[in-house]
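Working notes, beginning with the structure itself.
The values are calculated or read from the model by the stated rules, or taken from the named source; none is laboratory data. Since we're looking at a predicted model, the values are computed, not measured. In case anyone asks, the SASA skips ligands and DNA or RNA and just uses the protein heavy atoms, side chains included. Shrake-Rupley method; radii C 1.70, N 1.55, O 1.52, S 1.80 Å.
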Amino acid sequence: MASGKSDELKGRVKEAAGAMTGDKKLKRQGKADQAVGKIKQKVEKVIDKVKDALRVSTESGTLQDSRSLPAAWERNTIRI
């Protein structure tokens, strides 16, 4: 899975190429890729904050069983 930052960069390149060649479809695809990249970055931040909060909870003893966490979060394989 590509990171949000790489999707955003890919979108910028596509948008610039579309603008230079006059290809409106490529330019739109670039803008869409940038939007997807920004959303992925926001989601990644939220996931990191949740993981940090859960980690603090387990360290303080309020969450005893980490097996109750979704397996995808533990393996960091959540797909968007």
Among the listed pairs 14/40; 14/45; 24/45; 14/38, give every one whose C-alpha distance is greater than 22 Å. 14/45; 24/45
Round to a whole number: what % of the accessible area of region 1-60 belongs to carbon and sulfur, probe 1.4 Å? 60
Between residue 5 and residue 43, 0.36 nm times their residue separation minus their Cα-Cα distance comes to what? 12.5 nm
